[in-house]
Structure formats: C-alpha cells, structure tokens
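The values are calculated or read from the model by the stated rules, or taken from the named source; none is laboratory data. Everything numeric here is computed off the predicted structure, so don't read it as measured data. Please note: Cβ atoms are built from the backbone with ideal geometry, for glycine as well, and neighbour counts cover all protein chains shown. Remember, those area values only see protein heavy atoms, side chains included, never the ligands or the DNA or RNA. Shrake-Rupley method; radii C 1.70, N 1.55, O 1.52, S 1.80 Å.
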Amino acid sequence: MPSAPTNAAGATPYVVFGYGSLIFKVIAALIRRYGTCMLNKGIAVSHHRMLSQKATPGYLKGYVRRFAQKSHDHRGTPENPGRVVTLIHKEDWDHCSSSDPFPDDNVVWGVAYTIDPAYASEVRDYLDYREKDGYTLEEVDVYGLMNGQETVVIPKAHCYVGRPDNPSFIGSEPIDLLAERIWHSVGPSGPNKEYLYRLAEAVRRLAPESHDSHLFELETRCREMDQKASHGVSTAGLNDL
C-alpha cells in the first residue's frame, strides 16, 4: 500500500473523498474558475485560482452508499425531511438493514479531491459546517485500477460518514416508500429528486466500471413517477405513505 502523499513542504495534503453531492456540486463548484465570491462560511475565492490540485475517481471497499440519512436542512425540512446518501460500513448496514434488495453491494464509487494547501483550512471548515447534520469525519483508502490491477490510489483520504447511532440516520426503508419520499421532498437546496438524478449521472461518468445498484434503482423509480405525473397520473403524497 502506498504511503500518504506529501507536498513540497513535507506536509500531508488534505484529501477529501466525495460520494454524494461533493461529486457534482460543492467541490465541483469550488475547483472551477470564477470571480471573487463568498461561500457560506465566507471563503473568498480569487479569480482563476484552483482550490483543488487534483480530482481522482476511485472507490471504497467494505462500505455501502445508501439514502439512509434524513435531510432537514438541504433536501427537506424539519417537518418533512428528505433523504440523502451516507456512507456506511458494510457490517453496520447488514446489522441494521432488513429490507435491502441489494445485499451484495460493498463498493462505493466517488472522487478524491486533493485540496490546494493554500485553501485546505478554509475548505475543511466549510465542509465541517456543511456536513454538520449527523456526519462524522473518518479516514478511508481509495482504490482504483491501474494497468488492470486493483490498487490503493489515495490512502487515508478524509470522508464524512453517517454512523448508525447519529440522530439523522433513518436506516433501511422499503425502496418503493423511499423513492416516494425522495420524489416528493423539497428543501432549501432544491428538490430531493434533483439530488438523486445528479448523483446518478455523476456516478455513471466516473469510470466505465462505476455502478451503484441502490442509486440506479431509486433513479428508475423516481423517473417512472415523473413520467406518470407528466401524463396526469396521480402519485402518492407523503401523507399517503
């Protein structure tokens, strides 16, 4: 296993692994070139500067990604929380899940972002604030395929994990009811289904091998509800669940 990379000053860089909206929204926005702007925590980003030095697609082993985290502040409300993904240790999920239709899943595709040291502290503070609703910071090894061989491409990346004992963890839900919840939920960051669709599209683009059975099944069910709604067919509301 390779050791954690170091920068020119000998310090280990800050690397964060994104498996949810960090793939398509927050970090993707941060590493674009844009004029001076202010983020939620007041981080000033100057024109033509890059917060991320490198974005490395890869996957984690021994975890599952599930829509098992209540979202009170982004894709839902305190009264009607939406659902967002969390990374869960496979053994923890097996222990708490009784209705998962994909019990053999144990690989999670995402992106490891190596943050420019000049912005590492600000980005870390921003992400800590953003992931305040029930996530814990852990270190994970990111795998990839090099010359057809599986290898650790980024050791000890930082990752926000929703532990089963956190108050926002909802656990396993029947996938039809989960799809209904996602389809109907809306929060300050927009419709919950938009989050689902953008994540599914982003995962497909990571690599030819990238796949997520749970994610893609939810996408299929929600798009079926879109089609029914476009033809005037009533879909169940949350009060009917």
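GLY144 - would you say it is open to solvent by less than 70 Å² (accessible area, probe 1.4 Å) and closer than 23 Å to GLU219 by Cβ? Walk me through it before giving the result.
Values: open to solvent by less than 70 Å² (accessible area, probe 1.4 Å): yes; closer than 23 Å to GLU219 by Cβ: no.
The answer is no for GLY144.
Within the range 201-222, can you find the residues that are without any contact (Cβ under 8 Å) to a residue 24 or more places away in the chain and closer than 16 Å to LEU178 by Cα? So that I can check it myself, show each step before the final result.
Just the residues of the range 201-222 that are without any contact (Cβ under 8 Å) to a residue 24 or more places away in the chain, to begin with: 204-205, 208, 216, 219-220.
Of everything in the range 201-222, those that are without any contact (Cβ under 8 Å) to a residue 24 or more places away in the chain and closer than 16 Å to LEU178 by Cα turn out to be PHE216, GLU219, THR220.
Just a yes or no: is a residue in the range 158-181 touching a Phe, Trp or Tyr at 6+ places or on another chain (Cβ under 7 Å), free of Cβ contacts under 8 Å to residues at least 40 places away in the same chain and closer than 16 Å to ARG83 by Cβ?
no
In the set VAL108, VAL84, VAL161, which member is hydrophobic (A, V, I, L, M, F, W, C) and under 18 Å from SER210 (Cα atoms)? First the steps, then the outcome.
Details: VAL84 fails: under 18 Å from SER210 (Cα atoms); VAL161 fails: under 18 Å from SER210 (Cα atoms).
Exactly one of VAL108, VAL84, VAL161 is hydrophobic (A, V, I, L, M, F, W, C) and under 18 Å from SER210 (Cα atoms), namely VAL108.
Conditions (1) modelled with pLDDT of 90 or more; (2) under 18 Å from ASN192 (Cβ atoms); (3) over 17 Å from the mean Cα position of the chain (by Cα), marked per residue:
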| residue | (1), (2), (3) |
| --- | --- |
| TYR63 | yes, no, no |
| PHE67 | yes, yes, no |
| SER71 | yes, yes, no |
| ARG75 | yes, yes, no |
| ASN80 | yes, yes, yes |
| HIS89 | no, no, no |
| TRP93 | yes, no, no |
| CYS96 | no, no, yes |
| SER99 | no, no, yes |
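Of everything in the range 141-200, what is basic (Lys, Arg) and assigned to a loop (DSSP other than H, G, I, E, B)? Give them in sequence order. Full working, then the answer.
First, the residues of the range 141-200 that are basic (Lys, Arg): 156, 163, 181, 193, 198.
ARG163 - this is the single residue of the range 141-200 that is basic (Lys, Arg) and assigned to a loop (DSSP other than H, G, I, E, B).
So how many residues does the range 90-108 have that are in contact with a strand residue (DSSP E or B) (Cβ under 6 Å, 6 or more places away or on another chain) and either open to solvent by 20 Å² or more (accessible area, probe 1.4 Å) or outside any strand (DSSP E or B) (or both)? Steps first, answer last, please.
Of the range 90-108, the ones in contact with a strand residue (DSSP E or B) (Cβ under 6 Å, 6 or more places away or on another chain) are 90, 93, 105, 107-108.
Pick out the ones that are also either open to solvent by 20 Å² or more (accessible area, probe 1.4 Å) or outside any strand (DSSP E or B) (or both) and you get 90, 93, 105, 107.
Counting residues in the range 90-108 that are in contact with a strand residue (DSSP E or B) (Cβ under 6 Å, 6 or more places away or on another chain) and either open to solvent by 20 Å² or more (accessible area, probe 1.4 Å) or outside any strand (DSSP E or B) (or both) gives 4.
Need the failing condition index for CYS222 against (1) of a type in the set (A, V, I, L, M, F, W, C); (2) crowded, with 19+ Cβ neighbours inside 10 Å; (3) more than 18 Å from the chain's Cα centre (by Cα); (4) within 18 Å of ILE88 (Cβ to Cβ), just the number.
CYS222 satisfies every listed condition except (4).
Which of (1) farther than 19 Å from PHE102 by Cβ; (2) modelled with pLDDT under 95 does MET225 not meet, given it meets every other one?
(2)
Give the residues of the range 174-197 that are open to solvent by 10 Å² or more (accessible area, probe 1.4 Å) and either among the aromatic types (Phe, Trp, Tyr) or touching a strand residue (DSSP E or B) at 6+ places or on another chain (Cβ under 8 Å) (or both), sorted by residue number.
Within the range 174-197, ARG181, TRP183, VAL186, GLY187, TYR195, TYR197 qualify.
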